[in-house]
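Down below is the structure, laid out as structure tokens.
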Amino acid sequence: MSKIRLGVNIDHVATIRNARGERYPDPLRAAKAAIDYGADSVTVHLREDRRHINDNDLKKIIKLKRIPVNLEIAPTLEMTRIALRNPPDFICIVPEKREEITTEGGLNLKRNKKHLSKMISLLKKRKIRVSVFIEPKIQDIKLAKDLDADCIEIHTGKICRLINKKRNYSSEIKKINKAIMFANSINLETHAGHGLTFASAKVLKNLKGIKEFNIGHFIVSESVFYGLEKVIKRFKRIIGS
């Protein structure tokens, strides 16, 4: 059985830097440290408004070939062009609203099907692994397969909120498990991300078929108290990799 991979999102290192307009803390330094401490990849989300990671950060991080980079981008022409100029190892296509605090849900694959099909085709021609960020719905997984995505990343925000509030999450875990099983049956690799903490990672890692967890805000938050190395290593122990 293959080990579950851990992707560390370093966006909020840049958020702290941008709060003061300084050069520190440096996202590049965070990316190097995350890999040194055991992360399997580093995730960065280049948003339209550049509220955390910026274009220069992206270029510097991608230049370091020892760091596998997972670039999150919205399905826009601008972001597609940036990705093709600075090709990362992996791309996760995510929905984006200018006014949202953080990603609020999965992509609407049906509404964006024609554009996404073209975008995914262009990215895959550059040998970039492409995933789409979706809700745990069978119809969306079928559409992801039709679009020729390599992977899906399931939006785990709802179950994470339920776990955080100590509320019943049995219905949501069944829905996610069903989605994973179906995706695996049609050869779509399954990832999980959004809102994950130690507690929710412990719950979700017991579902067979998740190949990768992508975690950011909680890692950066806990690192204030315990340090990046300890937090990453604890997550690696939790997911059993």
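The values are calculated or read from the model by the stated rules, or taken from the named source; none is laboratory data. Just so it is clear, the structure is predicted and the values come from calculations on it, not from any experiment. Cβ atoms come from the backbone with ideal geometry, glycine included; neighbour counts cover every protein chain shown. In case anyone asks, the SASA skips ligands and DNA or RNA and just uses the protein heavy atoms, side chains included. Shrake-Rupley method; radii C 1.70, N 1.55, O 1.52, S 1.80 Å.
For the range 173-189, the criterion of a residue being within 19 Å of the chain's Cα centre (by Cα), under 21 Å from S41 (Cα atoms) and at pLDDT 95 or above is satisfied by at least one position. Look at (1) outside any helix (DSSP H, G or I); (2) at negative phi and you find that I16 fails only one, number (1). Checking each residue in the range 157-173 for being under 21 Å from E72 (Cα atoms) and either in a strand (DSSP E or B) or open to solvent by less than 50 Å² (accessible area, probe 1.4 Å) (or both) picks out G157, C160. Total residues in the range 55-71 satisfying the condition of being surrounded by fewer than 21 Cβ atoms within 10 Å (Cβ to Cβ) and not in a helix (DSSP H, G or I): the figure is 5. Of all residues in the range 133-153, those being over 20 Å from I173 (Cα atoms) and buried (at least 23 other Cβ atoms within 10 Å of the Cβ) number 2.
For the structure I just gave you, tell me whether N168 is at negative phi, of a type outside the set (A, V, I, L, M, F, W, C) and in contact (Cβ under 8 Å) with a residue 12 or more places away in the chain.
No, not satisfied.
Could you give me the residue pairs with C-beta distances under 9 Å whose first residue belongs to the range 14-36 and is touching a residue at least 40 places away in the same chain (Cβ under 8 Å) and within 17 Å of P68 (Cβ to Cβ), whose second residue is open to solvent by less than 50 Å² (accessible area, probe 1.4 Å) and of a type in the set (S, T, Y) wherever it lies, and which are 6+ apart or on separate chains? So the pair list comes out as A34/S41.
Here is a check on your reading of the model: is L77 hydrophobic (A, V, I, L, M, F, W, C) and over 18 Å from the mean Cα position of the chain (by Cα)?
Judged against the criteria, L77 is a match.
Take the residues in the range 137-148 that are within 23 Å of G195 (Cα to Cα) and among the hydrophobic types (A, V, I, L, M, F, W, C); name whichever of them is farthest from the chain's Cα centre (by Cα). Going through the qualifying residues, I end up with I138.
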